[in-house]
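For reference, the structure discussed in these notes is given below.
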Amino acid sequence: MTPDEFRKAGHELIELIADYREQVADMPVRSSAAVGEVLRQMPESAPIEAEPASNVIKDVENLLLPHLTHWQHPSFHAYFPANAELSSVLGDLLSSGLGQLGLNWQSSPPLTEVEQVTCDWLRQALGLSVDWQGVIQDTASTATLVALLCAREKSTGFAQMSDGVRTCGELVVYSSQQAHSSIMKASLLAGFGQNSVRACAVNADFSIDVHALAEMIEQDLAAGRKPCAIVGCTGTTAITAMDDIEQLAQLAEIYNCWLHVDGAMAGSAMILPEMRHLWQGVEQADSIVINPHKWLGTVFDCSVYYVRDVEHLVRVMSTNPSYLQTSADGQAPNYRDWGIPLGRRFRAMKLWWLLRCEGVSGLQQRLRRDIDNARWLAQQIEQAEHWRLIAPVALQTVCIIHEPPHITTAEQLDNHTQSWCEAINSSGEAMLTPATITENDGETRWMVRVSIGALKTERLHIEHLWQVLQKSVAGQL
Ligand SMILES: Cc1ncc(COP(=O)(O)O)c(C=O)c1O
């Protein structure tokens, strides 16, 4: 493709994206595609002869767009909000268009320095002290893996440089029963082994039970095991529970454990000074991960990993082959030594565009709007007969259950929950996520998560959702 062909097709594509965003609210939220429906309409092999870009654009319009699940729909309340702001889309486009690759500072000085600047701007916006330095990873899963590798190496006095962990005794990682699956995955990949990963019991508000955690640690110590890392969560995935980071920090200090804070989803809310009490104590942690590619509005993928001890991080992660050495080494960060991949995208560009074009106050306003909307819905649920909030509403996720009196068994209730949720999702009116939760009575039951925070979601959409919820349980959808 020549630059001139790129210009022409690029203009068309930008128009297509802008039209899509303007019209998305008129489409059914969830895709009704059958498995393989898109696949079957595509040729089995790549074209031998070049096609004009206009052919590809036609297929995007006719084959892909009609089958999308619309994450940017104002009634998208599934999973979590993501990929939203068009300013960030422009940054992403530019990042690819400039064709930059970060291997060391020299390979693209702006790639490194924009990353330094944006991570620091975000640090300030989050109210974190100057003790923290950030680096962009692809996802929170990777950042947590990096954190646990750093924890392992701290506990073992850099066993990776000698015999590895096999002579270091049994190292243990602690998190809560509500922790994201990425904590287990990272623990396994970092070599801890499933038997050495503890899922601690939770309190009534689903935060980690710190007393139970302390007991667990004592038992491990008594059995000759070595507590290594505690992963606390600021905003668990299912219900946005908030672990008490301050208390976890105290335990981490007593037992000499690494403290990693998983703020993948709710970390974005810390740009609101009034929400920072939710991660009180975070300054005592060793590492934090926040996903600007979720609620903050940056396009995927952009996870910022903050650490206090960069020297330790680099010691764990660095390799220094001769062909990557330059005269700038030591004067500027080589971000390849702050994470796993060598080659790095210009990911900071999309965060830079977001922060500049939306401004911190614009982002704050949007998040506050979403929190208000979540509180409004929570109020309706609390006041309505037979509806129940299944967990406190800390931010923008509202977890609900409908318990009509004619339903008497747990199985019937689960069927009812899944069926009204599916009725909504297949109607295209809104999209919600069903999930299980173990409540304080010890019963594990299905509930429905309403995640509020798509860019275009206003109060009127939440009012509409409340109507849709009531219709669905009455069998009127
Ligand atoms: C609390 C929490 N941690 C980690 C993750 C994993 O995020 P990622 O997809 O960036 O790996 C999620 C994703 O939903 C999450 O909610």
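The values are calculated or read from the model by the stated rules, or taken from the named source; none is laboratory data. Predicted model only: the values in this text are computed from it and were never measured. All Cβ positions, even for glycine, are placed from backbone atoms using ideal geometry, and neighbour counts span all protein chains on display.
Wholly within the range 352-439, which strands (runs of 3 or more DSSP E) include no fewer than the required count, namely at least 1 residues that are charged (D, E, K, R) and not assigned by TED's automatic domain parsing to the domain that holds GLN124? So that I can check it myself, show each step before the final result.
Working: elements: 387-389, 397-402, 433-438.
Filter on the range 352-439 gives 387-389.
Flag: SER54 does not match the condition of being away from the ligand (no atom under 16 Å from the Cβ) and within 25 Å of the chain's Cα centre (by Cα).
The set of residues from the range 245-259 being closer than 30 Å to ARG375 by Cβ and either more than 16 Å from the ligand (Cβ to nearest atom) or within 15 Å of the chain's Cα centre (by Cα) (or both) comprises GLU246, GLN247, ALA249.
May I ask you to list the residues in the range 184-197 that are more than 19 Å from ALA159 (Cβ to Cβ) and either within 15 Å of the ligand (Cβ to nearest atom) or of a type in the set (Gly, Ala, Ser) (or both)? The answer is MET184, LYS185.
Given the structure, is GLU274 closer than 30 Å to GLU215 by Cα and away from the ligand (no atom under 15 Å from the Cβ)?
Details: closer than 30 Å to GLU215 by Cα: no; away from the ligand (no atom under 15 Å from the Cβ): yes.
In short, no.
Filter the range 345-371 for residues that are among the small types (Gly, Ala, Ser) and on the phi < 0 side of the Ramachandran plot and give the result. Talk me through it step by step, then tell me what you get.
Of the range 345-371, the ones among the small types (Gly, Ala, Ser) are 348, 359, 361-362.
Correct list: ALA348, SER361, GLY362.
Restricting attention to the range 158-183 and to residues that are away from the ligand (no atom under 15 Å from the Cβ) and touching a residue at least 60 places away in the same chain (Cβ under 8 Å), the residue that is nearest to VAL289 (Cα to Cα) turns out to be TYR174.
Return yes when ALA229 is modelled with pLDDT of 95 or more, over 30 Å from ALA374 (Cα atoms) and within 16 Å of the ligand (Cβ to nearest atom) and no when it is not.
Details: modelled with pLDDT of 95 or more: yes; over 30 Å from ALA374 (Cα atoms): yes; within 16 Å of the ligand (Cβ to nearest atom): yes.
Spelling it out, ALA229 is indeed modelled with pLDDT of 95 or more, over 30 Å from ALA374 (Cα atoms) and within 16 Å of the ligand (Cβ to nearest atom).
Is it the case that some residue within the range 306-319 is in contact with a Leu (Cβ under 6 Å, 6 or more places away or on another chain), modelled with pLDDT under 95 and among the hydrophobic types (A, V, I, L, M, F, W, C)? Yes, the conditions are met somewhere in the range 306-319.
Got a sec? Which of ARG347, ARG369, ARG356, ARG388 is modelled with pLDDT of 95 or more and under 18 Å from ALA264 (Cα atoms)? Break it down into steps so the answer makes sense when it comes.
On the way: ARG369 fails: under 18 Å from ALA264 (Cα atoms); ARG356 fails: under 18 Å from ALA264 (Cα atoms); ARG388 fails: under 18 Å from ALA264 (Cα atoms).
From the options ARG347, ARG369, ARG356, ARG388, the qualifying one is ARG347.
Only one of the numbered conditions (1) surrounded by 12 or more Cβ atoms within 10 Å (Cβ to Cβ); (2) at pLDDT 95 or above; (3) under 28 Å from the mean Cα position of the chain (by Cα) is not met by PRO81, and that is (2). Got a number for residues in the range 208-254 being more than 21 Å from VAL393 (Cβ to Cβ) and among the polar types (S, T, N, Q)? Qualifying residue count, the range 208-254: 3.
Counting residues that are closer than 30 Å to TYR305 by Cα and of a type in the set (Gly, Ala, Ser), which helices (runs of 4 or more DSSP H) fully inside the range 34-128 reach at least 2?
On the way: elements: 37-40, 53-59, 86-97, 109-126.
Because the criterion is at least 2 residues that are closer than 30 Å to TYR305 by Cα and of a type in the set (Gly, Ala, Ser), the helices (runs of 4 or more DSSP H) in the range 34-128 that meet it are 86-97.
Scanning the range 124-151 for residues that are away from the ligand (no atom under 16 Å from the Cβ) and either small (Gly, Ala, Ser) or free of Cβ contacts under 8 Å to residues at least 60 places away in the same chain (or both) yields GLN124, ALA125, GLY127, SER129, VAL130, ALA151. Just to check your reading of the model, which residue among ASP441, ASP414, ASP370 is of a type in the set (Asp, Glu) and surrounded by 20 or more Cβ atoms within 10 Å (Cβ to Cβ)? Of ASP441, ASP414, ASP370, the one residue that is of a type in the set (Asp, Glu) and surrounded by 20 or more Cβ atoms within 10 Å (Cβ to Cβ) is ASP370. Criterion first (in contact with a helix residue (DSSP H, G or I) (Cβ under 7 Å, 6 or more places away or on another chain), more than 30 Å from THR326 (Cβ to Cβ) and more than 13 Å from the ligand (Cβ to nearest atom)) does ALA204 satisfy it? The answer is no for ALA204. Checking each residue in the range 306-344 for being of a type in the set (Ser, Thr, Tyr) and out of contact with any Cys (no Cβ under 9 Å at 6 or more places or on another chain) picks out SER318, THR319, SER322, TYR323, THR326, SER327, TYR335. Only one of the numbered conditions (1) within 11 Å of the ligand (Cβ to nearest atom); (2) surrounded by 24 or more Cβ atoms within 10 Å (Cβ to Cβ); (3) closer than 30 Å to PRO333 by Cα is violated by GLY235, and that is (3). Please verify whether ASP262 is in contact with a helix residue (DSSP H, G or I) (Cβ under 9 Å, 6 or more places away or on another chain), at negative phi and within 16 Å of the ligand (Cβ to nearest atom), treating the condition exactly as stated. Taking the combined requirement at face value, the residue satisfies it. Restricting attention to the range 69-103, the residues that are touching a Ser or Thr at 6+ places or on another chain (Cβ under 6 Å) and free of Cβ contacts under 8 Å to residues at least 60 places away in the same chain add up to 0.
I'd like to check something: does the range 279-297 contain any residue that is within 11 Å of the ligand (Cβ to nearest atom), touching a residue at least 40 places away in the same chain (Cβ under 8 Å) and among the hydroxyl-bearing types (Ser, Thr, Tyr)? It would help to see each step written out before you state the result.
Taking the range 279-297 first, the residues within 11 Å of the ligand (Cβ to nearest atom) are 289-295.
Keeping just the survivors that are touching a residue at least 40 places away in the same chain (Cβ under 8 Å) gives 289-295.
Retained after the next criterion (residues that are among the hydroxyl-bearing types (Ser, Thr, Tyr)): none.
No, the range 279-297 has no match at all.
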